[in-house]
Amino acid sequence: MVLMIFGGIFALDRLQVQFFPNFELDIIRVRVSWPGASAEDVERSLTTPLEQQLKSVDDLRRMTSTSSEGRCAITLQFKEGTDILLALNQVRQRVDEFRNLPAGAEDPEVLQLVRHELVAR
C-alpha cells in the first residue's frame, strides 16, 4: 500500500495536465503580405480577387476577410464534420490558381487553425 502511494506521488510529478486538449478547428486562414501597399490597394488587388477564387470551395459555411496596410487575411470557416484536410487541399489549389499577384506581394500562406493549450506541470 505504501509503495502504491509513493508510486502515485512520484508519477503525479511527471503527469502533464491540460485544461482543454489540442483539437483541430474547421477554420482555414489565407494570409498575404504586400509591403508598402495601402489598405485600398490590398483590398482591390488581393482580398477581393482571392475571395472570388475561394467562394466556391466545398462545405464553406462562412468567409470573412480583413485588408490593412501591407496585408490581407481571409478566414474560411467550414461546416461541422467537413474533412478539413480535403478542404485545406482545395483551398491551397484555389490559391495556387490565383496568378495575378501584384509585384512585390509575397506568396500566400494557407494555414489550418489548431487550438493549442499550454501543458501545465
_With the structure loaded, tell me whether residue 58 is closer than 16 Å to residue 26 by Cβ and charged (D, E, K, R) or whether it fails that test._
yes
*asked:* Looking at the structure I just gave you, is residue 62 under 22 Å from residue 94 (Cβ atoms), surrounded by 12 or more Cβ atoms within 10 Å (Cβ to Cβ) and modelled with pLDDT of 95 or more?
replied: no
_It is to be established whether one or more residues within the range 75-86 are acidic (Asp, Glu) and modelled with pLDDT under 95._
yes
*Of all residues in the range 65-108 being of a type in the set (Asp, Glu) and within 22 Å of residue 38 (Cα to Cα), which is surrounded by the fewest Cβ atoms within 10 Å (Cβ to Cβ)?*
107
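The values are calculated or read from the model by the stated rules, or taken from the named source; none is laboratory data. Everything numeric in this text was worked out from a predicted model, so none of it was measured. Quick reminder, even Gly has a Cβ in these numbers, built from the backbone with ideal geometry, and neighbours come from all protein chains shown.
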